[in-house]
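For reference, the structure discussed in these notes is given below.
The values are calculated or read from the model by the stated rules, or taken from the named source; none is laboratory data. Note that the structure is a prediction, hence the values are computed from the model and not measured. Note that we place each Cβ from the backbone using ideal geometry, even for glycine, and neighbour counts take in every protein chain shown. With ligands, DNA and RNA removed, areas are computed over all heavy atoms of the protein, side chains included. Shrake-Rupley method; radii C 1.70, N 1.55, O 1.52, S 1.80 Å.
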Amino acid sequence: MFEFGRELKRLFQPDAPKDGLTGGDTSLLELLDLDLLCAEARAADIAAGRISATDRPQRQLEAAAIWREIARRTGDAVALRKAAAAAEASAKGFDRQLRPRGWAEARCEQARAALVGAALFGDQGLNAAARIALTEAQAAAPKSPAAALAGAALALVEARRVLGDGSRDEVVAAARGFDAPVAALHAHGRRRAACRLQAAATCADRADLLAAGGVRLKDPMLLRMALDGLAQALVRIDPAYEPLTWVQLAMLRGATRAALGELDGDLNEIAGAVNDLVAVLDQVTKDHSPLDWARVQQSLASALQTMGEAAECDRAFDQAARCYAQAMTVFVDQPALTEGPIAMHNRAQCLIRSAELRGDLKALASAEIALRADLAASKPAKDPVAWGVRQLSFARLYEARANIAGHDRAEDAAAAQALTAALEVFGEQGLRALADAAASSLERLRAQSSRRQIRGG
């Protein structure tokens, strides 16, 4: 899949053109590995800053898109700030009255950088800022490619709004909001390859919304709608020339299949999803796109975790824990990312669940020692989320030990205290998934305690 990118590296790296390899065509960025992409960003900055630059705002716009792609692949806040600054400079350079299309594209680029930041760091205020910029872009050039890009991004903002607690009807309505922008992007894509790629990315956003809604609402129909959309999008993508877009779509397909298999109680479907995700992992490398690689590892781990629960297989949990550990090698370099704590939590759950299935009290004792060492070394004031994740893991460990050896009132009280502390932290940080996990564990613990009191009475 990445052979063409390696060929580019072989041909051009020794004597790369001073203005970069892609000539401003952002559809070619996927073919560049991370080193070449960083070189491309520096070349774009040089081109934009050159005194003899004939169209400085356009060069700044091209540089912004490259820095945004670096941020998307790495989670690097510095790269994201460079993208936002270049897009802002581009918007200032374009005259809204004389060059409305250029100005609209620059405003779209500002919004897209904000949306990447919201996804990476969980800052919901960036979604609101993006909505303002996108609305202005649509108004400035209503029939341009920028208007189609803005429509797709506005649909994503709406999808994020309903993602956490929207009803089924709201999820379906938000999914329909992607239809018109996708059609417009496909129309512009006949002459502009970047629009065709963005149409595929927008299909992925739509599928992500439907799949997340299906999991939260336990609605298999939403999951099947997501799979149908992904199948249609994948047909249009050539993995040899659009490798990262293909990886994102195929990863979503595998994760959605696993979720559907869990709802339907179909172990064969879950196994098929695991096989799909293993195949996706073979097509992306950590050097090419660290975050895409880590997310595939995390999706594979989640599917294995689902298989472990469905089959009560400790080996599946062990494999899932290894995949989560691989993903954490990327997330640890960017502690501000929202995905790191979730991977840490899920890995601990897999290790504890594996020991629980084996009835291995020694393994649980070893896990407790490791958790206590991590907790002693942690700094709650500096990284409250990691501290909260460890508290959540402690509670799960106590629960597993109680399931094997019987309940202990002191441990139940310690687990309740740990879960209450974790729930408070996750609520303050706006981490809904972890807050839900803590709340579910606390509710389960209280229910078990009530049943014991009834039997004892």
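From Cα pairs below 8 angstrom and at least 6 apart in sequence, can you work out the relative contact order of the chain, rounded to a whole percent? List each step's numbers first, then the result.
Details: 663 pairs, mean separation 41.1, N = 457.
Relative contact order, the chain: 9 percent.
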Using the Cα centre as the reference, give the magnitude of the dipole from point charges on the C-beta atoms of the chain (Lys, Arg: +1; Asp, Glu: -1; all else neutral), rounded to the nearest 20 debye. 760 debye
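To the nearest 500 deg cm²/dmol, what mean residue ellipticity at 222 nm is calculated for the chain from DSSP H runs of n ≥ 4 alone, each contributing -39,500 (n - 2.57), summed and divided by the residues? The partial results should precede the final answer.
Details: 20 runs with 362 residues, N = 457.
So the helix-based figure for the chain works out to -27000 deg cm²/dmol.
More than 25 Å apart: what percent of Cα pairs in region 316-457 qualify? Numbers along the way, then the final one.
Values: 2522 of 10011 pairs.
Summing the P(r) of region 316-457 above 25 Å gives 25 percent of all pairs.
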Shape of region 26-149 from its Cα gyration tensor (a ≥ b ≥ c, root eigenvalues): rounded if a/c is under 1.5, otherwise prolate when a/b > b/c, or oblate? oblate
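With charges only on Cβ, +1 for K and R and -1 for D and E, what is the dipole size of region 386-437 about its Cα centre, in debye, rounded to 20? Let's see the in-between values first.
Numbers: 5 positive and 7 negative charges, 27 e Å.
Roughly 120 debye, rounded to the nearest 20.
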With unit charges on the beta carbons (Lys and Arg positive, Asp and Glu negative) and the dipole taken about the Cα centre of region 162-305, which residue among Ile237, Val284, Asn268 sits farthest to the positive side? Ile237
Order His186, His288, most accessible first, counting only protein heavy atoms with a 1.4 angstrom probe. His186, His288
Thr285 and Ala405 label points (each 7 Å along its Cα→Cβ direction) are spaced in nm at 4.8 nm
Please count, across the chain, the pairs of lysine residues with Cα atoms under 30 Å apart that sit 8 or more places apart or on different chains. 14
Highest-first arrangement of 244-251, 431-438, where packing means the average Cβ count within 10 Å: 244-251, 431-438
I need two numbers for region 43-84: Rg to one decimal and Dmax as a whole number, Cα atoms only, in Å. 10.7, 33
Please work out the average accessible area per residue across region 272-329, using the 1.4 Å probe convention, and give it in Å². 39 Å²
Arg224/Ser449 FRET efficiency (R0 56 Å; Cβ-Cβ; nearest 0.05): 0.90
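Give, as a single signed number, the net charge of other residues whose beta carbon lies under 14 Å from the beta carbon of Pro100, with Lys and Arg counted +1 and Asp and Glu -1. Could the numbers behind the result be given before it?
Working: positive: Arg96, Arg99, Arg101, Arg107, Lys143; negative: Asp95, Glu105, Glu136.
In short, +2.
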Compute, for region 243-400, the length of the dipole vector about the Cα centre, with Cβ point charges of +1 (Lys, Arg) and -1 (Asp, Glu) only. Units Debye, rounded to 20. 520 debye
Restricting things to alpha carbons, find the Rg to Rh ratio for the chain using the Kirkwood radius for Rh. 1.01
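At a 1.4 Å probe, what is the % contribution of carbon and sulfur to the accessible area of the chain? Don't skip to the answer; put the middle values down first.
On the way: 11080 of 21150 Å².
Taking all protein chains in place, the chain shows 52 percent carbon and sulfur surface.
Among 40-52, 112-124, what's the highest-first ranking by average C-beta atoms within 10 angstrom per residue?
Working: 40-52: 16.9, 112-124: 20.8.
My ranking of the peptides, most packed first, is 112-124, 40-52.
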Rounded to 0.05, the calculated FRET efficiency for the beta carbons of Arg315 and Asp165 at R₀ = 51 Å is 0.90
